[in-house]
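Take a look at the structure below.
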Amino acid sequence: MSLADVKYLPETPAHDAEIEAINDEAFGPGRFVLAAYKIRESGGHDRSMSYVAVKDDTVIASVRMTRVAAGAGRAMMLGPLAVRPAFKNLGIGRKLVTIALEAARKA
């Protein structure tokens, strides 16, 4: 597979079902009890800083950013980051993180 075939796109609601499937595959049902999931659940992620990797019109990886607050502090929480097993270790996740962090810096 050529990485030139992979497109990196802003996440849209049309990607939700595929992202959920990827996260389920990567983290399983136990993810719902993790502290990070609870934090994300309370505020929802910011689509303007969340991205997908697409190959042949199929989402193969995603990264989400969530705005969080702790006391007077404000920050962005990266994750979940998930890549389908067949596409791991190709730099796709790293590229998604780079794109999401750049979007967060500009926000």
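For this structure, a couple of remarks:
- Scanning region 1-27 for residues being in contact (Cβ under 8 Å) with a residue 40 or more places away in the chain and either in contact with a helix residue (DSSP H, G or I) (Cβ under 9 Å, 6 or more places away or on another chain) or more than 15 Å from Pro85 (Cα to Cα) (or both) gives a total of 14.
- Taking the conditions (1) on the phi > 0 side of the Ramachandran plot; (2) modelled with pLDDT of 95 or more in turn, Gly71 satisfies each one other than (2).
- Per-region count, region 70-81, residues within 15 Å of Glu11 (Cβ to Cβ) and over 11 Å from the mean Cα position of the chain (by Cα): 1
- Per the listing Arg84, Arg67, the residue uniquely touching a residue at least 24 places away in the same chain (Cβ under 8 Å), under 17 Å from Asp16 (Cβ atoms) and more than 11 Å from the chain's Cα centre (by Cα) is Arg84.
- Residue in region 37-47 that is modelled with the highest pLDDT, counting only those that are closer than 22 Å to Pro10 by Cβ and not in a loop (DSSP other than H, G, I, E, B): Arg47
- Residue under evaluation Ala107, criteria (1) surrounded by 10 or more Cβ atoms within 10 Å (Cβ to Cβ); (2) out of contact with any His (no Cβ under 8 Å at 6 or more places or on another chain); (3) modelled with pLDDT of 90 or more; (4) not hydroxyl-bearing (Ser, Thr, Tyr), criterion not met: (3)
The values are calculated or read from the model by the stated rules, or taken from the named source; none is laboratory data. Everything numeric in this text was worked out from a predicted model, so none of it was measured. FYI the Cβ positions are ideal-geometry reconstructions off the backbone, even for glycines, and counts take in every protein chain you see.
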